[in-house]
Each structure stands twice: as C-alpha cells, then as structure tokens.
Amino acid sequence: MSRETSLVSADWVAQNLNNPTVVLVEVDEDTSLYEQGHIEGAITFHWRDDLQDGLIRDLISKEKFEALLSKNGIATDTTVVLYGGNNNWFATYAFWYFKIYGHADVRLLDGGRKRWELDARPFVTTLPTRTATIYKAKERDNSIRAYRDEVIAAIGKLNIVDVRSPAEFSGELAAPAHLPQESGQIKGHIPTAKNIPWSKAANEDGTFKSDTELKELYVGAGVDLAKDTIAYCRIGERSAFSWFVLHELLGLSNVKNYDGSWTEYGSLVGVPVAIGA
Amino acid sequence: MRTCGATPGGPDISGIDLSTQTLIQGVILRDGEGDGVPNGSPVGNAYVRLLDSTGEFTAEVPSNADGQFRFFAAPGAWTLVVLASGAREERKVIATKGNPVDLVVEI
C-alpha cells in the first residue's frame with residue numbers, strides 16, 4: 001500500500017512488455033479505443049460489460065470474477081498492471097475491484113493511456129493470445145467499500161470526500177460535462193462532504209502529483225487523516241481514483257469507496273442533501 | 001479537408017435538445033500548409049480538457065477519429081485545453097444555452 005507497490009511508470013511497463021509474470025489490462029467504458037490500438041500484450045476489460053453484474057446493480061460475483069480472470073490467463077500470482085483512458089478512472093475502479101477480491105499484486109500505470117500517447121509510445125492492434133488459468137478469488141473485502149447506510153451515518157462524523165467537479169458538487173450540473181445533463185437524481189451533495197475534485201490529485205498529463213502535494217491537498221481541504229474517510233462521485237469510478245490516492249499512494253488504511261455514489265444517494269427518499277459551494 | 005471559416009467542425013447536433021443543453025464542441029486539425037490555417041488532417045485521440053471560469057478542471061474527452069469533441073456544459077465562461085503529443089493549445093469561450101460553441105482548433 002504505497003506508491004512503490006501500487007504504481008508503475010510508463011518506462012517500467014515498456015521494460016516489462018515481455019515479462020511473463022506481468023499481464024497488462026486496459027479498462028475503460030469505451031473499449032473501441034482498445035481496438036484502435038493498445039499497449040502490446042494488453043487484454044481489455046469493459047467497465048460495464050465485464051465488471052457490472054448487469055441484472056442487479058453490483059459488482060460481479062466472486063465466481064464470475066474468477067471466470068473472467070481464468071479465461072484471460074490471469075493467475076493468483078500474476079502481476080496485473082491496469083491502465084485506461086479517462087485519466088485512469090475505470091482502471092482505478094478495476095484496481096479497487098481487484099483489491100475487493102483479494103488479488104495480491106495489482107498495480108496502476110501512472111498516467112494511463114494519456115501519458116503513453118503524449119509520450120508517443122507505440123500502440124498495436126494485434127490481440128494477445130493467453131492460456132487460460134484456474135483463478136481463485138478471495139471473499140469480498142468490504143473494508144474498502146462503503147454502503148449507503150454507513151454514508152448517511154457518517155454525515156457530520158467522518159470525512160466524506162466528494163470528488164466530483166465543483167459544478168456537480170454545488171448542484172449546477174447533474175453529471176460530468178462530457179455527458180448529457182439528464183438525470184433521475186436530484187442535484188447537490190451529501191451534507192458535510194468536502195469537495196476535493198479527483199482532478200486536483202492529477203497533473204495535466206494524467207500522472208499523480210507527489211505524495212507531499214497530495215497530503216497537502218486533502219489536509220488543506222479539511223480532511224482529518226486520523227478519521228475514517230468515504231469517497232464518492234457519481235457512479236464510483238472517479239472516487240476509485242481518489243480512493244487510490246488516499247489508500248494506496250498515501251497509505252491510509254481507513255478509506256472506503258462509496259460506489260453507489262450520487263446516482264444512488266441522489267435517488268434516496270428523505271436523506272439530507274446540501275447545495276451550493 | 002475542412003478549411004478555415006467553413007462550417008464549424010464539431011459533431012452533428014441533430015437529436016440534441018438545444019433548449020436544455022449548453023454545448024461546447026469543435027474539431028482539432030493540423031496546420032496543413034504551414035500557413036497557420038487549420039486545414040490539415042483531423043487529430044483523433046487528442047485530449048480536450050474543459051476548465052471552468054476559475055481554471056478548475058471540469059471534464060476531459062478524447063477527440064474522435066474525425067478530430068471532433070463535445071461537452072455538455074453550463075452557461076458561462078470556460079477554457080478549453082487541447083493536449084496531443086508535442087502540442088498544447090488553449091481557447092477561451094463563452095457558452096450559452098441554445099447556441100452551441102463550435103470551434104476549429106489548430107495544433
């Protein structure tokens with residue numbers, strides 16, 4: 001649980017392209033980018049089609065996760081390196097997911113597709129062939145996942161970090177500005193939440209800021225690092241990014257991602273909501 | 001290829017309810033002739049960042065294969081930052097509901 005064990009650089013990936021113990025996985029909401037070009041040897045997981053239950057709103061079951069990894073030739077001792085577009089939102093969501101199911105060695109490519117592209121590093125279109133494994137996941141680790149009742153109970157007591165944009169936090173926008181502003185949820189935020197947009201933890205090229213800058217960011221915004229922290233956004237992927245920063249880069253053990261996030265909270269009947277900055 | 005001053009280059013707006021949406025969109029083109037006119041090939045997979053009036057990051061999209069991008073914003077002042085390998089361009093725009101901002105950005 002540190003930058004050294006959780007994050008790898010583009011140089012590290014370039015040096016390990018033919019390392020048989022490393023499997024690269026591109027994770028996104030739009031896997032057509034993968035088809036246009038991906039890092040050599042990478043397989044792809046689709047955020048919705050591969051990682052959402054589909055019938056109920058939840059993670060896929062342990063058995064389905066095992067089947068997904070087995071089919072793609074990932075073993076329990078594989079070093080899994082995740083990356084994606086969207087500043088690694090969905091890749092960090094997958095990172096959190098691999099941790100939920102207890103995968104031992106999972107890492108994130110710092111900067112994801114963006115840094116790789118801005119460096120003009122090569123992409124290929126050839127699909128890798130991988131030999132299936134028999135993957136055994138662990139039972140879900142819910143110590144890193146928050147559910148709605150504990151979020152409501154945390155109001156005014158624990159750190160709640162809203163990582164959406166200021167306009168979504170204040171209630172001006174219902175969704176990120178690259179999505180249509182149509183939504184069944186009301187607008188606003190969870191009372192007493194601090195608005196620390198995920199983007200403040202990242203440089204323009206998608207890489208993470210330094211540990212010193214990150215600590216200053218959260219402490220400066222009023223997060224008491226000694227207290228438990230719950231991060232949320234709209235659907236739980238941007239908050240996985242901030243969860244990664246707090247839990248993995250800064251090494252705080254008491255941080256949960258509320259993947260129900262605003263699409264769940266903003267639909268609940270009778271819960272308190274705040275608007276404005 | 002499109003030329004400067006031709007029909008603006010963002011994605012087709014048919015099917016979008018302009019009475020409710022505030023669009024900022026456009027196309028990213030190379031400087032084709034070395035004359036400062038964006039009449040070159042479209043730049044796909046460039047990164048377009050939308051910053052609010054205080055410079056705060058709001059959203060980011062990659063341009064599509066035709067070099068196009070689109071944001072659904074709110075009325076007000078915004079800054080676009082276009083990132084591609086070896087290039088960075090900024091544009092300031094004022095967005096209003098009903099009248100899409102449609103840009104041609106040269107890199």
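Among residues of segment A:157-179 being surrounded by fewer than 24 Cβ atoms within 10 Å (Cβ to Cβ) and assigned to a helix (DSSP H, G or I), the one that is farthest from the other protein chains (Cβ to nearest Cβ) is A:Ser170. Counting only residues that are open to solvent by 20 Å² or more (accessible area, probe 1.4 Å) and outside any helix (DSSP H, G or I), which one in segment A:66-97 is nearest to A:Ala132 (Cα to Cα)? Going through the qualifying residues, I end up with A:Asn72. Residue count for segment B:53-67 under the criterion of being at pLDDT 90 or above and of a type in the set (Asp, Glu): the result is 2. With the requirement that a residue be touching a residue at least 40 places away in the same chain (Cβ under 8 Å), among the charged types (D, E, K, R) and open to solvent by 50 Å² or more (accessible area, probe 1.4 Å), what does segment B:67-88 give you? Once the filter is applied, which keeps residues that are touching a residue at least 40 places away in the same chain (Cβ under 8 Å), among the charged types (D, E, K, R) and open to solvent by 50 Å² or more (accessible area, probe 1.4 Å), segment B:67-88 yields nothing. Sub-7 Å Cβ pairs linking a first residue in segment A:199-213 that is over 24 Å from B:Asn45 (Cβ atoms) and at pLDDT below 95 to a second residue that is open to solvent by less than 50 Å² (accessible area, probe 1.4 Å) and not in a helix (DSSP H, G or I), at least 6 apart or interchain, number zero. Where in segment B:23-107 are there strands (runs of 3 or more DSSP E), lying wholly inside it, with at least 1 residues that are at the interface with another protein chain (Cβ under 9 Å from one of its Cβ atoms) and in contact with a His (Cβ under 8 Å, 6 or more places away or on another chain)? Answer list for segment B:23-107: B:47-51, B:57-62, B:68-73.
Across segment A:180-200, which residue is farthest from A:Val273 (Cα to Cα) among those that are surrounded by fewer than 21 Cβ atoms within 10 Å (Cβ to Cβ) and within 11 Å of chain B (Cβ to nearest Cβ)? Taking the candidates together, the pick is A:Lys200. The residue of segment A:233-277 that is most open to solvent (accessible area, probe 1.4 Å), among those that are within 20 Å of A:Ala153 (Cα to Cα) and among the polar types (S, T, N, Q), is A:Ser253. Between A:Leu127, A:Leu109, the distinction of being over 14 Å from A:Glu66 (Cα atoms) and surrounded by fewer than 21 Cβ atoms within 10 Å (Cβ to Cβ) belongs to A:Leu127 only. Against the conditions (1) hydroxyl-bearing (Ser, Thr, Tyr); (2) touching a Leu at 6+ places or on another chain (Cβ under 6 Å); (3) in a helix (DSSP H, G or I), A:Ser143 satisfies every one except (2).
Taking (1) crowded, with 24+ Cβ neighbours inside 10 Å; (2) part of a loop (DSSP other than H, G, I, E, B) in turn, A:Leu225 satisfies each apart from (1). Step by step: first the residues of segment A:201-222, then only those that are on the phi < 0 side of the Ramachandran plot and in a loop (DSSP other than H, G, I, E, B), then the one that is surrounded by the fewest Cβ atoms within 10 Å (Cβ to Cβ). Which residue is that? Among those residues, the one meeting the criterion is A:Ser210. Count of segment A:88-132 residues, restricted to those that are within 10 Å of the chain's Cα centre (by Cα) and farther than 14 Å from A:Glu248 by Cβ, is 2. Within segment A:1-44, the residues that satisfy the criterion of being buried (at least 18 other Cβ atoms within 10 Å of the Cβ), among the hydrophobic types (A, V, I, L, M, F, W, C) and touching a Ser or Thr at 6+ places or on another chain (Cβ under 8 Å) are A:Val22, A:Val23, A:Val25, A:Val27. Among the conditions (1) in the same structural domain as A:Phe244 (by TED's automatic domain parsing); (2) surrounded by 16 or more Cβ atoms within 10 Å (Cβ to Cβ); (3) without any contact (Cβ under 8 Å) to a residue 40 or more places away in the chain, the only one that A:Ala154 does not satisfy is (3). Among the candidates A:Ser183, A:Ser170, the residue that is at pLDDT 85 or above and more than 20 Å from the chain's Cα centre (by Cα) is uniquely A:Ser170. Mind listing whichever residues of segment B:8-63 are basic (Lys, Arg) and over 13 Å from the mean Cα position of the chain (by Cα)? Passing the criteria: only B:Arg30.
The values are calculated or read from the model by the stated rules, or taken from the named source; none is laboratory data. Please read these numbers as outputs of a predicted model, since none were measured by experiment. Quick reminder, even Gly has a Cβ in these numbers, built from the backbone with ideal geometry, and neighbours come from all protein chains shown. Just so you know, the surface numbers come from the protein's heavy atoms only, side chains and all, with ligands and any DNA or RNA stripped out. Shrake-Rupley method; radii C 1.70, N 1.55, O 1.52, S 1.80 Å.
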